[in-house]
There are 2 protein chains.
Amino acid sequence: MMRFMGYFRSSSSYRCRIAFNLKGLEYDFESVHLKSGQQKAAGFAAVNPQKLLPVLITEDGQELYQSLAIIEWLDETYPDVPLLPGDKDLRAQVRAFAQVIACEVHPLQNLRVLQYLRADLRLDEDQVQAWLSRWLGEGLQACEDILQKRGGGSAFCFGEEPGLADLCLVPQIFSAQRFGVDISDLTRLNEIYDTCAALPAFAKAHPAQQPDFEK
Amino acid sequence: MMRFMGYFRSSSSYRCRIAFNLKGLEYDFESVHLKSGQQKAAGFAAVNPQKLLPVLITEDGQELYQSLAIIEWLDETYPDVPLLPGDKDLRAQVRAFAQVIACEVHPLQNLRVLQYLRADLRLDEDQVQAWLSRWLGEGLQACEDILQKRGGGSAFCFGEEPGLADLCLVPQIFSAQRFGVDISDLTRLNEIYDTCAALPAFAKAHPAQQPDFEK
């Protein structure tokens, strides 16, 4: 069976969990406690030199990391319930949307950056909050604008089935909520979030449903 | 002909230029002056709601953005001189390596973040330098460790032909040099950088060779 190393609150782990669930794939879960720094231990670094989550150990022992690369690998290896569209032009749109979140929003709010802001730069909580509001706000506004420009009003970001864009969006909105960033005016994103949240594949992947969940 | 909107110093534009060159593809170039904020103008935002470079306008008028999505689209549309390996397991490794740079290193050193550090957080230049050294140093060390773990000593990151990993790596090393981050001990990366720099496709894509280059 595949082995998945993640953490309940890591949004890149959350993306992968939704992908597993949408495809109905089982995996052994190993929690790596990010907040206490388990990802920096020598044993974990031997698996992923980048010392970040998530990691997928495939059935034949390959060590894969970076959530978007893992998800594309899952999609190519288990093509039932595709997460990327078959049309290459639409696929480029979906990948771009996922990358807006993975390359422009999430990197600025992940744990190691917030730790640096607080411990190294000694920012106070108002400054950290302003940082979060700026990057999450701007990034999710871009996501809203992209979908508004696309138009249509499909159930999910890019059609009538959930896919890569949605499984990046939902964890990012969860983070915005957790950090108290107000995105109530992003109507299209909130609509899609609600649609996703009602699906078992998304609900089961929620941080609060994970075995390593902590308040 | 395709139209490419970029900026000489933008490393995500630089990645795409190498891809065009490796595939021998021609394009009309439109410079968008990042430093003076042209990407925030209404005309550009109508093309890319994310207000970031690069953008590719395809021959049939589609507007594509996010460099990795553009490069995968180019690879699928013009499959000669492939930039991603045919084997799905190796493809996952190559994508992950590209994402280490695109999702973990580059987002922390791009122009809008450095502007925020200086203008909003009022960091002094020593603090900005420490920020750059931390994230570029840590990220490129991870890239080195990944390739050292892989072993082999191929000419390029993942084999004997340049591809997606190399065209992300070279602009990131260029940035490290520009920002004065010392990576002289990352022997494998420097070796690959030198091999790439000697190829016309990489040399022609260098910021100093672009029509909008400024000292």
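Scanning region A:178-192 for residues that are under 17 Å from the mean Cα position of the chain (by Cα) and either on the phi > 0 side of the Ramachandran plot or of a type in the set (Phe, Trp, Tyr) (or both) yields a single hit, A:Phe179.
Condition check for B:Gln127 on (1) within 12 Å of another protein chain (Cβ to nearest Cβ); (2) closer than 20 Å to A:Gln99 by Cα; (3) not small (Gly, Ala, Ser): one failure, at (2).
For residues that are basic (Lys, Arg) and touching a helix residue (DSSP H, G or I) at 6+ places or on another chain (Cβ under 8 Å), scanning just region A:23-74, find the one that is nearest to the other protein chains (Cβ to nearest Cβ).
A:Lys51
Which one is surrounded by the most Cβ atoms within 10 Å (Cβ to Cβ) among residues in region A:1-41 that are in a helix (DSSP H, G or I) and among the aromatic types (Phe, Trp, Tyr)?
A:Tyr14
Which residue, of B:Leu83, B:Leu74, B:Leu114, B:Leu90, is outside any helix (DSSP H, G or I) and either on the phi < 0 side of the Ramachandran plot or buried (at least 19 other Cβ atoms within 10 Å of the Cβ) (or both)? Before the answer, list the steps.
Details: B:Leu74 fails: outside any helix (DSSP H, G or I); B:Leu114 fails: outside any helix (DSSP H, G or I); B:Leu90 fails: outside any helix (DSSP H, G or I).
Going through B:Leu83, B:Leu74, B:Leu114, B:Leu90 in turn, the sole match is B:Leu83.
Against the list (1) under 21 Å from B:Leu68 (Cβ atoms); (2) within 19 Å of the chain's Cα centre (by Cα), the condition A:Pro162 fails is (1). Looking at B:Lys215, B:Lys149, just one residue is modelled with pLDDT under 95 and in a helix (DSSP H, G or I), and that residue is B:Lys149.
Restricting region B:77-111 to residues that are at the interface with chain A (Cβ under 9 Å from one of its Cβ atoms) and small (Gly, Ala, Ser), the residue that is farthest from the chain's Cα centre (by Cα) is B:Ala92.
Please work out if A:Leu114 is within 19 Å of B:Val100 (Cα to Cα), out of contact with any Ser or Thr (no Cβ under 9 Å at 6 or more places or on another chain) and more than 9 Å from chain B (Cβ to nearest Cβ). Yes.
May I ask you to verify whether B:Leu123 is in a helix (DSSP H, G or I) and modelled with pLDDT of 95 or more?
Taking the combined requirement at face value, the residue does not satisfy it.
Of the residues making up region B:145-157, those that are over 17 Å from the mean Cα position of the chain (by Cα), crowded, with 16+ Cβ neighbours inside 10 Å and touching a residue at least 40 places away in the same chain (Cβ under 8 Å) are B:Ile146, B:Leu147.
Based on what the data block shows, is B:Glu161 in a helix (DSSP H, G or I), out of contact with any strand residue (DSSP E or B) (no Cβ under 8 Å at 6 or more places or on another chain) and either more than 13 Å from chain A (Cβ to nearest Cβ) or of a type in the set (Gly, Ala, Ser) (or both)? Taking the combined requirement at face value, the residue does not satisfy it.
The values are calculated or read from the model by the stated rules, or taken from the named source; none is laboratory data. Just so it is clear, the model here is predicted, and its values are computed rather than measured. FYI the Cβ positions are ideal-geometry reconstructions off the backbone, even for glycines, and counts take in every protein chain you see.
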